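Here it is, the structure in full.
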Amino acid sequence: MSEQSSTPLLDRVNSPADLKQFSDAQLGRLAHELREETIAAVSATGGHLGAGLGVIELTVAIHAVFDTPRDRLIWDVSHQSYPHKILTGRRDRMHTLRQKGGLSGFTKRSESPYDPFGAAHSSTSISAALGFAVARDLGGAPDYGIGDAIAVIGDGAMSGGMAFEALNNAGHLKKRLIVILNDNEMSIAPPVGAMSSYLSRLYAGAPFQELKAAAKGAVSLLPQPFQEGARRAKDMLKHMTVGGTLFEELGFSYVGPIDGHDMEQLLSVLRTVKARADGPVLIHAITKKGKGYHPAERRADRGHATARFDVVTGEQKKAPSNAPSYTKVFAQSLIQEAEADDKIVAVTAAMPDGTGLDLFAERFPARCFDVGIAEQHGVTFCAGLAAGGMKPFCAMYSTFLQRGYDQVVHDVAIQRLPVRFAIDRAGLVGADGATHAGAFDVAFLANLPGFVVMAAADEAELKHMVATAAAHDAGPIAFRYPRGEGVGVELPERGEVLEIGKARMIQQGARVAILSFGTRLKEVMKASEALTARGITPTVADARFAKPLDEELILRLAAEHEALITIEEGAVGGFGSHVAHLLAEHGVFDHGLRFRSMELPDVFVDQATQDEMYDVARMSAADIEAKVLEVLGVASVAQVRAAQTKG
């Protein structure tokens, strides 16, 4: 006798078109199966869990009502798209999620026609959806045409200014566009749930142009107790009563709030909007992050991101480490500096846990600021703090600092304000892939006049760089460090203030000098051991600074060696380019110096483990060894790699 499937409805789904055969009641049961499938998939691979669990019913309802991929469904950030991937023909590949050669942890155009727009940074969905809507109306309908454009955006992403720029433009253009606000932060009382249920029935039955009037009338008909409740719920009722919501002022028809976990409400409202919308519409759905999985619901971040875990207990399966993470070393070092200097403040953009500033906030709650997903504001806020006499540390991931680059140039660098940029997730980051790689910060910061740019080779160096930044008042300064654990070096009791623009010698050798910038130093030393065994001991130096360069040391290394190699965890145009420019200006190449630079390749490296990504980037110890042998004419890189592979 065969074992009965625990997902009988989901087993019948090969594409969203299959959802059309299900009754509304069956769609509700399908949502339950999809939730269990999502939990099981993420438990095996790790990844973003809570956001996806919060939109299970919404995902099923959208695909059941609309006709994807002709209707373009765009997930903001898209870390909540795992259930969407399961329903769109990728269920059998979920075990490859966020792994080399596997499914991306975000939507990706090259992965599926059901992913019309790639994402991983927030607040972009409404702009993209509006682009699809305008393209549709102008006849730019490639492939299978463009139907509706639907953007699903979380309330956190709505704190990004770009989202409101898009809302403003969409309201002005008056194109048919559907925006679903996935509100998972508001604590909503049962009376409001009852009210929203009543309103949804009115929405389904009334002509679409009368939705606003129906909402007004519904409130007046409710019993008095239903008009009380939580403070935020009362505020929402007030706004609906006067008909003056921000979204309506921006030109949107506002529908909601509705219960984002009630399949009946969702289907009713979505069907009505699909049938009657003739302009931009915003549907406000209340959801619960981590919904339906108790271990996620009870976590402070609602299971936002997780390693592999036990499905029953929710306990994460993390590999033990003897070294602290770079993020934790930064946070503890900053706390130590702030204890001695009450002018030090810390700013982050919706990433207090990721940057370690949650620890700083516990110690100094009045001196720590989370500005939301608003990097542009965060940078200029820091500029204002600096101009006002404070010592701001702007802690952001490298990939997110890109969003505030104009402010870095215009508001910080030009005014030479001493903002300290703590740049986390520098270099390749692993499972989050190209969208989160910190590849470009050295290139885009080191070309700015007056900027100091540092990179830590290990966790002890990071501690020194925090102290150096705290002491630096002459202008902006930045220090970068990677994702993950340190290399296990002993940490000093306190960080030392480094001399600006001075490198440190690690090892004296001959013939070839390797100048390392960042944490590839550990790979350089592994390569050095292999080279020494071949009778070639390289000179090794830790540059520490990409700007200003240690010109004296670099020119001396160039004069004393046949070859000079730079290595960095950044893109072309960064540290190596600045060194090459220095050497060229001093005519060093005229005297026969052989120079090579090793940096990230001119491609976006797809997700894998960090080590696998650096192998793809040709920046492992073996690759450094091969580069040295090639530049010295001992063997070609291809010959060395072939020998290494054979060995």
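Can you say whether T519 is under 28 Å from V379 (Cβ atoms), of a type outside the set (A, V, I, L, M, F, W, C) and at pLDDT 95 or above, as far as the supplied structure shows? Before you say what the answer is, go through the steps one by one.
Details: under 28 Å from V379 (Cβ atoms): yes; of a type outside the set (A, V, I, L, M, F, W, C): yes; at pLDDT 95 or above: yes.
Spelling it out, T519 is indeed under 28 Å from V379 (Cβ atoms), of a type outside the set (A, V, I, L, M, F, W, C) and at pLDDT 95 or above.
Scan (1) assigned to a loop (DSSP other than H, G, I, E, B); (2) touching a Lys or Arg at 6+ places or on another chain (Cβ under 8 Å) for the single condition Q80 breaks and write down its number.
(2)
Need the failing condition index for G256 against (1) in a strand (DSSP E or B); (2) modelled with pLDDT of 80 or more; (3) small (G, A, S), just the number.
All conditions pass for G256, except number (2).
Going by the conditions given, is E612 out of contact with any Lys or Arg (no Cβ under 7 Å at 6 or more places or on another chain) and closer than 20 Å to G438 by Cα?
On the way: out of contact with any Lys or Arg (no Cβ under 7 Å at 6 or more places or on another chain): no; closer than 20 Å to G438 by Cα: yes.
Criteria not met by E612.
For K463, all conditions in the list (1) surrounded by fewer than 24 Cβ atoms within 10 Å (Cβ to Cβ); (2) in the same structural domain as Q402 (by TED's automatic domain parsing); (3) farther than 24 Å from A571 by Cα; (4) touching a residue at least 40 places away in the same chain (Cβ under 8 Å) hold save one; what is the number of the exception?
(1)
Yes or no: E625 part of a helix (DSSP H, G or I) and surrounded by 16 or more Cβ atoms within 10 Å (Cβ to Cβ)?
Working: part of a helix (DSSP H, G or I): yes; surrounded by 16 or more Cβ atoms within 10 Å (Cβ to Cβ): yes.
Criteria met by E625.
I need the full set of residues from the stretch 317-334 which are surrounded by fewer than 19 Cβ atoms within 10 Å (Cβ to Cβ) and either assigned by TED's automatic domain parsing to the domain that holds P418 or in contact (Cβ under 8 Å) with a residue 12 or more places away in the chain (or both), in order please.
Going through the stretch 317-334, the residues surrounded by fewer than 19 Cβ atoms within 10 Å (Cβ to Cβ) turn out to be 317-325, 328, 332.
Answer for the stretch 317-334, where residues must be surrounded by fewer than 19 Cβ atoms within 10 Å (Cβ to Cβ) and either assigned by TED's automatic domain parsing to the domain that holds P418 or in contact (Cβ under 8 Å) with a residue 12 or more places away in the chain (or both): S321, N322, A323, P324, S325, K328, Q332.
For (1) acidic (D, E); (2) assigned by TED's automatic domain parsing to the domain that holds V524; (3) modelled with pLDDT of 95 or more; (4) farther than 25 Å from G486 by Cα, each residue gets a yes or a no:
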residue: L564; (1), (2), (3), (4): no, yes, yes, yes
residue: I567; (1), (2), (3), (4): no, yes, yes, no
residue: G574; (1), (2), (3), (4): no, yes, yes, no
residue: A580; (1), (2), (3), (4): no, yes, yes, yes
residue: L583; (1), (2), (3), (4): no, yes, yes, yes
residue: R594; (1), (2), (3), (4): no, yes, yes, yes
residue: T609; (1), (2), (3), (4): no, yes, no, no
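Of all the residues that make up the stretch 563-591, how many are surrounded by 14 or more Cβ atoms within 10 Å (Cβ to Cβ) and not in a strand (DSSP E or B)? Talk me through it step by step, then tell me what you get.
First, pick out the residues of the stretch 563-591 that are surrounded by 14 or more Cβ atoms within 10 Å (Cβ to Cβ): 563-580, 582-583, 586, 588.
Still in the running and not in a strand (DSSP E or B): 569-580, 582-583, 586, 588.
Summing the residues that are surrounded by 14 or more Cβ atoms within 10 Å (Cβ to Cβ) and not in a strand (DSSP E or B) in the stretch 563-591 gives 16.
Further question: For I536, only one of the following conditions fails: (1) in a loop (DSSP other than H, G, I, E, B); (2) within 27 Å of the chain's Cα centre (by Cα); (3) surrounded by fewer than 20 Cβ atoms within 10 Å (Cβ to Cβ). What is its number?
I536 satisfies every listed condition except (2).
Of the numbered conditions (1) modelled with pLDDT of 90 or more; (2) assigned to a loop (DSSP other than H, G, I, E, B), L130 fails exactly one; give the number of that condition.
With respect to (1) modelled with pLDDT of 90 or more; (2) assigned to a loop (DSSP other than H, G, I, E, B), L130 is out only on (2).
Now for a different question. Kindly provide the set of residues from the stretch 336-351 that are surrounded by fewer than 19 Cβ atoms within 10 Å (Cβ to Cβ) and not in a loop (DSSP other than H, G, I, E, B), ordered by number.
Hits for the stretch 336-351 are Q336, E339, A340.
Run down V579, V540 and say which single residue is in contact (Cβ under 8 Å) with a residue 60 or more places away in the chain, more than 17 Å from V634 (Cβ to Cβ), hydrophobic (A, V, I, L, M, F, W, C) and in contact with a helix residue (DSSP H, G or I) (Cβ under 8 Å, 6 or more places away or on another chain).
Only one candidate passes the filter, namely V579.
Among the residues of the stretch 40-62, are any over 26 Å from the mean Cα position of the chain (by Cα) and surrounded by 20 or more Cβ atoms within 10 Å (Cβ to Cβ)? Reasoning before the result, please.
First, the residues of the stretch 40-62 that are over 26 Å from the mean Cα position of the chain (by Cα): 61.
If we keep only those that are surrounded by 20 or more Cβ atoms within 10 Å (Cβ to Cβ) too, we end up with 61.
Within the stretch 40-62, one or more residues are over 26 Å from the mean Cα position of the chain (by Cα) and surrounded by 20 or more Cβ atoms within 10 Å (Cβ to Cβ).
The values are calculated or read from the model by the stated rules, or taken from the named source; none is laboratory data. All figures in this text were calculated on a predicted structure; none of them were measured in a lab. Because the Cβ atoms are built from the backbone with ideal geometry, glycine has one as well, and the counts that use them run over all protein chains shown.
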